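Bear in mind that the values in this text are calculations on the coordinates, not laboratory data. It should be emphasised that the depicted structure is a prediction, and the values quoted were computed from it without experimental measurement. When we count neighbours, we look across all protein chains shown, and the Cβ atoms used for this are built from the backbone with ideal geometry, even at glycine.
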């Protein structure tokens, strides 16, 4: 798994309300059966959109950020994707942001929240 994301989990262990109702999951959630099932459900619902938009198999995407009220999600690409560590914020196949790793994504998202950058 992406080293910057693991470091984030070690230091912050998730971030509720990261952006509106979009949250970054905690280590506990990543290990819970409920989260794993929710993540599988999300990937299943958006599988074709994700695969077309990202050019990777949905099985090689790990949701690390999930919205409580929409299909927005933040995906971490896994080793099988050919682009491990890449972080993508997407909704129904529309890509809002794409970054080489979690650290770059996190820096961009804090600037986005501050109104310094646009989608």
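Structural remarks
- Selection within segment 96-119 - surrounded by fewer than 17 Cβ atoms within 10 Å (Cβ to Cβ) and touching a strand residue (DSSP E or B) at 6+ places or on another chain (Cβ under 6 Å): 96, 97, 119
- Scope segment 5-19; condition out of contact with any strand residue (DSSP E or B) (no Cβ under 7 Å at 6 or more places or on another chain), crowded, with 16+ Cβ neighbours inside 10 Å and under 22 Å from residue 84 (Cα atoms); matching residues: 8, 9
- Qualifying positions in segment 64-80 - over 13 Å from residue 18 (Cβ atoms) and touching a strand residue (DSSP E or B) at 6+ places or on another chain (Cβ under 7 Å): 70, 71, 75, 76, 77, 78
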